[in-house]
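The values are calculated or read from the model by the stated rules, or taken from the named source; none is laboratory data. Note that the coordinates shown come from a computational prediction; the quantities given were computed from them, not determined experimentally. Methodologically, a virtual Cβ is constructed for each residue, glycine included, from the backbone with ideal geometry; neighbour enumeration extends over all protein chains shown. Just so you know, the surface numbers come from the protein's heavy atoms only, side chains and all, with ligands and any DNA or RNA stripped out. Shrake-Rupley method; radii C 1.70, N 1.55, O 1.52, S 1.80 Å.
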Amino acid sequence: MNNEKKQQHPFYGLGIGLSFALIMIAFGLMIWLASLADSVNCDCDTTPTEQTLIETSVEGTQMTVEEEWRDDVIEEVNRFRNRYQHDALEMNKDLNESAQAKAEALEEVGVFGHTLPDGTPFTAFFEDAEHYRARLGENLACGFAHPEATVLAWFYSKTHKRVMMSDDFDAVGVGVAPFIYKEGPREGKKCGLTVVLHLSGGKTYSYKATFYVPTYNDDVK
């Protein structure tokens, strides 16, 4: 009787196998979606430092981790912009300087935010780099394992996406520095690399800029 039943269902074993495979795929998707959360912290103890060098394929030259992250972040931002019919941003030397100065300032104070604890606004770093334009923007991120994850987190954060994808900007710069919290409940905790994205657009002025930043509590970290 049992043999007859098995003969009537030749795909019985195959069905069980497919069900198991679908369960594993669903489990994998849940893990992947969880990694896209806007607030992700990294407890990595292997944070790259400014002295770490990575070999490149350009005639044996070398790039620091910061330089490689800068190039990859800008490339990834422009990939998203192109996908959604926005003009690509042009890398700007002044913005690289302002973003790097902000990243190093965050590293020094150990507090993550658009405004430093002493009240210094993010726009001060544009001014220090002598970059004056009508529209200025900043995104921050901390604790992501690679540039692609950083930009993906910005894309899935409504306010960061608005800054990153805005047609009001045509120039971009990136700064990168290690970060360890020095205050608050996370004091002493490593957060991998801090990534600062600076954007600008519009006419050149020496005053009266329009500022674009995500909301205070929406930093990607």
*Under 7 Å by Cβ, and 6 or more places apart or on different chains, what pairs join a residue from segment 66-91 that is under 16 Å from Leu199 (Cβ atoms) with one that is among the hydroxyl-bearing types (Ser, Thr, Tyr)?*
Val73/Thr150
*Provide a single number: the residues in segment 96-138 that are hydroxyl-bearing (Ser, Thr, Tyr) and open to solvent by less than 60 Å² (accessible area, probe 1.4 Å).*
3
*Could you say whether any residue in segment 70-90 is in contact with a Pro (Cβ under 6 Å, 6 or more places away or on another chain) and either assigned to a loop (DSSP other than H, G, I, E, B) or under 13 Å from Met165 (Cα atoms) (or both)?*
yes
